[in-house]
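Here is the structure we will look at, set down as structure tokens.
The values are calculated or read from the model by the stated rules, or taken from the named source; none is laboratory data. Bear in mind the structure is a predicted one, so any value in this text is a computation, not a measurement. Cβ placement follows ideal geometry from the backbone for every residue including glycine, while neighbour counts extend to all protein chains displayed. Just the protein is used for accessible areas: all its heavy atoms, side chains included, with ligands, DNA and RNA removed. Shrake-Rupley method; radii C 1.70, N 1.55, O 1.52, S 1.80 Å.
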Amino acid sequence: MTAVAARAEMAGPDTLRLGTAVIHRLADIERIGWPAAAIFRDLTGTALADAAASYPGAVDAAAGTLALTFNSYIIDMPGHLVLIDAGIGNGKERPDRPAWHRRTGDFMQRLRALGYQPDDFDLVINTHLHADHVGWNTTGSGQDWRPAFPNARYIVPKQELAHWSALFASDKHTLHGAYADSVQPILDAGLYEAVDTPSEIVPGLRLEPAPGHTGGMAVVRLIADGGQLLFLADVLHSPVQLATPQLTSNFCVDPAQACATRRRLLDACAGTDTIVATYHFPPPVFGTIVKAGEGYKLNPVDAV
Ligand SMILES: [Zn+2]
């Protein structure tokens, strides 16, 4: 008998069902207009106009901005409740990033509205430690920051933690201040588990190396009932990069490696039924990948 992969289907506007796993998209910030040249220094003039024609929902050529979203994901799977990446957080001092400074968002209220409590989570995964991926690791104020998910193991790639902790030793403002208020408190609480990549975290949930954006970044693969879902973290920042995969963000520490990682992962997904989930795209975020010309296209999972 041939095993048939679980069918992926949308179970709500932001909810995907993959076999016995339910995955919710939970955005900390939904669609913020970010100057295009601040994300991709090569995306100007005609290239920006072309991108706007192809991705009207993600590019505003007149304003010269790209729509960025910050999507955490909740995986509700048998025996485990997992948060992948942790947004920007509330009340964090980020004076050099105005959109992230002293936020008062309703991320936790919306998490609870989905039927979960922070205490229910047994895993939080930081794909990398940039400030827009670790904010909800902690809640608090002033100098007092505590784990927001006190019963969770916080998983981080070993190389990623080693890199930023070495920088923090000489620069307390590392990661715009996020190391001090969103990483160090997790270390102090003894909740971090730094893992090699690749690693299997629990059966069916893996971290895989995806270097280039940062040296230690990982992507997360969920295998549920034969179906696969790959959380791409910052392998992509905008749908514009699907058609133009050589376009690498200004935030990537090693642009050539980031591009090679993007190609490798998208090539591996192309033409398969692996679903990808992207961190910075506005919806649609769940889809399969097909090759299209020199690049790729996302075929969104059909909405319900
Ligand atoms: Zn990011």
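Counting only heavy atoms of the protein chains and using a 1.4 Å probe, THR139 has close to 50 Å² of accessible surface.
The GluC sites (Glu not before Pro) of segment 152-209 include none that meets both conditions, a loop assignment by DSSP and at most 10 other Cβ atoms within 10 Å of the site Cβ. Shown for segment 244-304: the carbon plus sulfur share of the solvent-accessible area, taken with all protein chains present and a 1.4 angstrom probe, equals 55%. Of the three principal axes defined by the Cα atoms of segment 153-304, the extents in descending order read 47, 36, 27 Å. Whole-percent P(r), segment 207-259, all Cα pairs, 10 Å bins from 0: 26, 46, 23, 4.
Taking 1.002 mPa s as the viscosity and 20 °C as the temperature, the Stokes-Einstein diffusion coefficient of segment 234-301 based on its alpha-carbon Kirkwood radius rounds to 180 µm²/s. Remark on segment 49-108: hydrodynamic radius 14.4 angstrom, per the Kirkwood mean of 1/r across alpha carbon pairs.
Mean separation of Cα pairs under 8 Å and 6 or more residues apart, divided by the residue count, gives the chain a relative contact order of 18 percent.
Rolling a 1.4 Å probe over the protein heavy atoms leaves SER199 with an accessible area of roughly 30 Å².
For the pair segment 211-235 and segment 136-176, the centres of their Cα atoms are 21 angstrom apart. Computed from phi, the 3J(HN,Hα) profile of segment 102-112 under the Karplus parametrisation 6.51, -1.76, 1.60 (θ = phi - 60°) reads 6, 6, 10, x, 10, 3, 5, 4, 6, 4, 5 Hz, with x in place of Gly and Pro. Note on the chain: Kirkwood radius taken over Cα pairs, Stokes-Einstein applied at 25 °C and 0.890 mPa s, translational D equal to 126 µm² s⁻¹.
Among ALA86, ALA256, ALA178, the largest mean-square fluctuation in a Gaussian network model of the chain, built with springs joining Cα atoms closer than 10 Å, belongs to ALA256.
Would you work out the relative contact order for segment 48-107, in percent, from Cα pairs under 8 angstrom that are 6 or more residues apart?
Values: 60 pairs, mean separation 10.2, N = 60.
Worked out over segment 48-107, it gives 17 percent.
Suppose every K and R has +1 on its Cβ and every D and E has -1 on its Cβ; what is the size of the dipole of segment 87-234 about the Cα centre, in Debye to the nearest 20?
Values: 13 positive and 18 negative charges, 69 e Å.
Here segment 87-234 has a charge dipole of around 340 debye.
Counting only Cβ charges, +1 for Lys and Arg and -1 for Asp and Glu, the dipole size of the chain around its Cα centre is about 260 debye. Across VAL290, VAL202, VAL183, mean-square fluctuation computed from a Gaussian network of the chain (C-alpha pairs under 10 Å connected) peaks at VAL202. When the Gaussian network model of the chain links Cα atoms closer than 10 Å, the mean-square fluctuations of ARG110, ARG221, ARG25 top out at ARG110. Once you reduce segment 240-304 and segment 12-55 to the center of their Cα atoms, the two points are 11 Å from each other.
Think of a 1.4 Å ball rolled over the protein heavy atoms: segment 8-300 then has 39 Å² of accessible area per residue.
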